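What follows is calculated from the coordinates using simple rules that are stated; it is not laboratory data. Not measured: the values here are computed from a predicted model. All Cβ positions, glycine included, derive from the backbone under ideal geometry; neighbour counts span all protein chains shown.
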Amino acid sequence: MTLPPTGPWLRHDDRRDRIVGSSALVLAVLITLTTLWFSRSDQPQGQPPPAPAPTPSPSAFTADFASASDDDPVSIITDEPTCRDWEPINNALNADMGNGWLRRDPAVPASAWTDEQRRQHLAVADSMRAAADRTVNLAKATPHRVMRELYGQAIAYWRTYADSIETYRPPADHLARAAVNAAEAVNGICASIDFGSASARSPVLLPGPPPVPDVSPTNPDAPARYVDTPSPFCAEWNAMVADYAGVTRTWRETLDPNIPARYWAPEQRKLGDDTAGVMRQNADRTQLLGLLSGNLVAADFAALSAQYRRAFAMAIPTFALPDIHLDNTALRLQALTNQACYAVQS
């Protein structure tokens, strides 16, 4: 499930100019915010520093997670030991979703389903619950905080969508789309490791900001959805995703991932150079929105998406087939939060 394009490439010049013109401001604000969070040197003279926030008590579930001590900045993941165990879980679920559910009309409520449609939906709901149960151990085993969060959200959205099936109404389709994008983000991360693009492109990237504060592990058997109420952040995020889809539409429609950059025509190379600039601006905006969201998991997903998008942008001049997994990962991470936000606005 990819995001639908919303607008032609460079047809709305005023929108592109706004994006280009705001890039420096976005980056400046990002740096300023990060500095404010990590520095106390600008306290007013003569005023006592604010009282430190109380130290949260350790989570009762901390010992369950290999990632409990991971408080590092978010970066490209180059080694993930759970990918091998993830593959059969994902493959089994995809096979079950091929029972006709993938061709469903999400606008049809449960009250209007045929017996066959009901059977398809109930079978996929059972398969999602089974995938969620099997993924709990991966959330515990991964050494990376952001992978723990990603597995946790796949679990949460699979289960929530499955629970909605008996009385399904069209807005619940956003739950399914969030779950699918969480799973596809994991696929992209694992594929970029397996095919070498993560290790090849990550050395040139600076790490993102560390979590502020860290996200404590919660019950691995029953993770909560990370977006549970409408917010101004969601409105900004939805608009950003739509804008990006619009200005990169021609690039996505013309890129053949099987053709390396050295074989591109001059027009495609020029389009790639222009798109790389848009991608870098989008990465800055993504990370900034995550930092301003007040949502620690959303901030981690935003930072991870930004890192994969920057890596792909830097890869464009020497693009090769494995690099497409970097782009897919960034796309799916943004789509996950996009659908999570739509799910609470419906």
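How would you order 117-125, 259-267, 311-319 from highest to lowest mean count of nearby Cβ atoms within 10 Å? Before the final figure, lay out the partial values.
Working: 117-125: 18.3, 259-267: 11.9, 311-319: 20.6.
Ranking, from highest mean packing down: 311-319, 117-125, 259-267.
Each label was represented as a point 7 Å from its Cα along the Cα-to-Cβ direction; for residue 345 and residue 253 these points are 2.4 nm apart. Distance between the C-alpha centres of segment 263-325 and segment 183-204: 14 Å, rounded to the whole angstrom.
Debye sum, Cα scatterers, segment 251-307, no solvent: what log₁₀ I/I(0) at q = 0.15, 0.22, 0.24 1/Å? Those come out to -0.56, -0.79, -0.86, one per q. Net length available on complete extension from residue 265 to residue 320 is 18.3 nm, with 0.36 nm assigned per residue and the Cα-Cα distance removed. For the peptides 95-101, 277-283, the ranking by packing is 277-283, 95-101, with the highest mean count of neighbouring Cβ atoms within 10 Å listed first.
Place a label point 7 angstrom from the Cα of residue 66 along the Cα-to-Cβ direction, then list the residues of segment 189-203 whose backbone nitrogen is under 18 Å away. Correct set: 189-194. Here each label is just a point 7 Å from Cα along the line to Cβ, and for residue 102 and residue 134 those points are 1.7 nm apart.
Determine how many Å³ per residue the convex hull of the Cα atoms of segment 96-177 encloses. Show your work: numbers first, answer last.
Details: hull volume 6.7 nm³, N = 82.
In segment 96-177, the Cα convex hull volume per residue is 81 Å³.
From the P(r) of segment 63-345, can you give the percent of Cα pairs sitting at distances over 23 Å? The answer is 54 percent, as a whole percent. For the peptides 102-110, 324-332, 293-301, the ranking by mean Cβ contacts within 10 Å, running from highest to lowest, is 324-332, 293-301, 102-110.
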